[in-house]
Structure formats: C-alpha cells, structure tokens
Amino acid sequence: MAETVLRLDADDVWRTLETLDPVAVLAEVLIKRAINHPDQDRKPDCLLVPWGDREGEYVLAEDQSLGLSCAMPATALRMVHAAALSALATRELLPPGGITVAMLGTRHETQSQLAILVEHVPDIVHVAMRITDKTEAGELEPRLLDQLDLAGIGLSVGTKLADSLFGANLVIAVSEDALVDGTEQAGVNQLVRGTVLVNASGHDLPTSLVDQVDQVYVDDLALLPEYPDRHVVARHLTHSTSGAMWAGGHARPPEIAADLGLLLAGSRPGREQQDDIVVVELLSTNVPNTPLAHVIAKTAVRCGLGERVTA
C-alpha cells in the first residue's frame, strides 16, 4: 500500500525556524546526554532513514504520532544542525562584549550559518564574510541582508583571508580550506586573543594552528571513536605528542577539554582565561540530527508546510 509522505524543500525547512528554536532543541539534547537523563534510554519517538532514489539527498523522519512521515533535504538539516551548534559554542565560550565575526566558506553555507547565528547570539556588531567559491555562485540573500540591517550589524564581504580575520573574536569555518588562502594557511598569530574558532566544516583545520591554541572542545565526546582520522581526535586518543615546548608556549598541544553538553550542564568550567584562544571542533555536522529533524517535522505539520506526495 502506498504511503503518504510530507516532503519539505530547503525553504520549508528554514521557514520552520520562524517558530522553533534549533539552538534550544540541541541544548536540551546535549544536556540530557551529559547528565545521563532517563530519556536517553527510552526508545526514540522518531527514526531517521534515507529516502528517495538519490542516496543521501533526503532523509525521512518516521513518527507514528505525526500521522505521516516527513522527508526533508539532508543538506538543509545538516546546515541547521551545524549553525545551532556554532551558536551554542559561541554563547558558552566567548567572553562577554561586542562580537566581530569572521564567517569563512562558500556563499551558500556561510549565509545559512549566519542567519541562525544572528538570530540566536546577542552582541554581534560586525560580520566579515570570506566567500571561497566563485562570484558566479550568486549574490547574498536579500532576507539575510535585511536581517543584518534590522539588527544593526555591519557587513563586509571579501575573498582575502587576512582581511576577514583582522579584529574578529569569533571565527567560524563552514567549508573545507576556509582557513587556507592560496598556498598560505592561517596561523594562531592571526587570531585575536580570546577568540573562539568554531570548525563546522567537517574537515581538519590547519594542524599548525590547532596545535598552538589554548583549549579545544568538541560537540560530543561520545563521537571520538567514530572520527579517529580527525587530527584533534587522533591526538587526544593516542596521546602521541611529545613533551617538547611548542611555539604557542605549551608543553604540548592541548587535549580535548570537554564537550558542549558538559559545559551546558555546568559539569565543566569552560574557558580558563579570558585571553585564551579556543577551538571548538564540531564532529557531528556530517550526520543528520534525529531530534532536530523530529522537531522540524512536527513544526512543518503544524504550520502546513511542505507537499504531500505518495511514496
């Protein structure tokens, strides 16, 4: 028997964010995981499975309480997930005060991240976007420009890495090679003291930079065994660094201090010094998040979004 599926496009996914807070959704999930909340042992209300002929393009949120399954673009879901985690990391680890953002990556990914960051992180005063793809990729979205204008946030757009990093105390890398300009890689000396650098790209940052920062966090410590190829994970798991002094003044590069759930739950103190340079490695950005997909699906059904199709 044919099944009716509510199919959302990318715009539908983003429209659900007008009435739901993805940052709050993920914060609750991470806190419950950190404190071993009983909900973690319950059978999940929603299952997330691949959907459609093109593998990986859509995921299907299956929940009997909705009355139908909801299909949504996997890329849009991953972008919302990464942006919400970036906002959480910023709120937990950046010292109080005005925020100057360097948003680095492709035109589409930087705009998706920035739309959520501006909505959920206060005190942003300026954004420097470094666009890493060709100008033919299109102009910036008018909705994003309006959002920045209404919030009184300045904007500059360019392609030079050094210009984007200058004066920024929040750096978000959303694409591979976001911190690479030609043959040059960004170094820790280009970052303002106290900076939070969020790696939402799903790829390693320049090793020489990460080895010289003061603290490293991840989104979920439970994911470490699943990503042994990531530089900070391999370094943490093997303890393979030597005791020789490094250029950053450390006896050795920093190991992973904690994850976002432990910080949110108050189980770890977080930033040690106001002028520490902190890296947050988001390990889960390549995997669609089931709790987030579940809330998006429920919101879409409630708001009458999407198209009902027969699968």
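Summary table below
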{"quantity": "Residue that is modelled with the highest pLDDT [pool: residues in segment 1-36 that are open to solvent by 70 Å² or more (accessible area, probe 1.4 Å) and either at positive phi or of a type in the set (A, V, I, L, M, F, W, C) (or both)]", "calculated": "Ile35"}
{"quantity": "Output for segment 241-271, where each listed residue is touching a strand residue (DSSP E or B) at 6+ places or on another chain (Cβ under 8 Å) and modelled with pLDDT of 85 or more", "calculated": "Glu255, Ile256, Ala257, Ala258, Asp259, Leu260, Leu263, Ser267, Arg268, Gly270, Arg271"}
{"quantity": "Breaking point among (1) buried (at least 24 other Cβ atoms within 10 Å of the Cβ); (2) farther than 19 Å from Ala10 by Cα; (3) modelled with pLDDT under 95, for Met103", "calculated": "(3)"}
{"quantity": "Subset of segment 192-222 that is among the β-branched types (Val, Ile, Thr) and in a loop (DSSP other than H, G, I, E, B) - its residue that is surrounded by the most Cβ atoms within 10 Å (Cβ to Cβ)", "calculated": "Thr195"}
{"quantity": "Those residues of segment 265-287 which are open to solvent by 30 Å² or more (accessible area, probe 1.4 Å), touching a residue at least 12 places away in the same chain (Cβ under 8 Å) and not charged (D, E, K, R), in sequence order", "calculated": "Ala265, Ser267, Gln273, Gln274, Asn286, Val287"}
{"quantity": "Looking only at segment 167-178, and only at residues there that are among the aliphatic types (A, V, I, L, M) and assigned to a loop (DSSP other than H, G, I, E, B), the one that is farthest from Leu191 (Cα to Cα)", "calculated": "Val174"}
{"quantity": "Which listed residue, of Ala186, Ala128, is buried (at least 16 other Cβ atoms within 10 Å of the Cβ), among the small types (Gly, Ala, Ser) and out of contact with any Leu (no Cβ under 6 Å at 6 or more places or on another chain)", "calculated": "Ala128"}
{"quantity": "Candidates Asp163, Asp133 - the one that is free of Cβ contacts under 8 Å to residues at least 60 places away in the same chain and within 21 Å of Val279 (Cα to Cα)", "calculated": "Asp163"}
{"quantity": "Residue match in segment 134-151 (condition: among the small types (Gly, Ala, Ser), in contact with a Lys or Arg (Cβ under 8 Å, 6 or more places away or on another chain), over 14 Å from Ser86 (Cβ atoms) and surrounded by fewer than 19 Cβ atoms within 10 Å (Cβ to Cβ))", "calculated": "yes"}
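The values are calculated or read from the model by the stated rules, or taken from the named source; none is laboratory data. Just so we're clear, the structure is a prediction, and the values are computed from it rather than from any experiment. Ideal geometry is used to build each Cβ from the backbone, glycine not excepted, and the neighbour counts take in all protein chains shown. For the accessible areas, the whole protein counts, side chains as well, though only heavy atoms, and no ligand, DNA or RNA atoms are used. Shrake-Rupley method; radii C 1.70, N 1.55, O 1.52, S 1.80 Å.
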